[in-house]
Amino acid sequence: MAAHLARDLAVHVAPSAVQRILRRARLPRRRDRLALLEHHSAGTCGLLTERTRRQLARARGARSWRVHATRPDELVCRPPAEFFTGAASVTS
């Protein structure tokens, strides 16, 4: 943020000062700042991110479209065994 301020606004602030201000505002991590922006945009213009869409769907009781398998080959559609063994009849 300090570099952004220096580059775009020609305001020189030490990175430690920016971090101290963010910590004082209870926004020390980037995740916290993004969550605040997400909350603000959802309240003002109704913009939803993928994370908030998942949370909203979960709150409404929607089912997930994910398919869970117990084995890696469980969801694969396989042809009959004759396809692999070559036992198919040949007519001439």
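Taken together, the values in this text are just the output of simple stated rules run on the coordinates, not laboratory data. Please read these numbers as outputs of a predicted model, since none were measured by experiment. Cβ placement follows ideal geometry from the backbone for every residue including glycine, while neighbour counts extend to all protein chains displayed.
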Label-point separation, A25 to R71 (7 Å along Cα→Cβ), nm
5.5 nm
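Less than 13 Å Cβ to Cβ from R33, Lys/Arg counted +1 and Asp/Glu -1: what total charge do the surrounding residues give?
+3
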Report the dimensions of the stretch 2-61 along its three principal axes from the alpha-carbon atoms, largest first, rounded to Å.
49, 21, 16
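Test of the criteria: in the stretch 18-50, which trypsin sites (Lys or Arg not before Pro) are in a DSSP loop and have at most 14 other Cβ atoms within 10 angstrom of their Cβ?
Details: sites: R20, R23, R24, R26, R29, R30, R31, R33; in loops: R26, R29.
Sparse-neighbourhood loop trypsin sites (Lys or Arg not before Pro): R26, R29.
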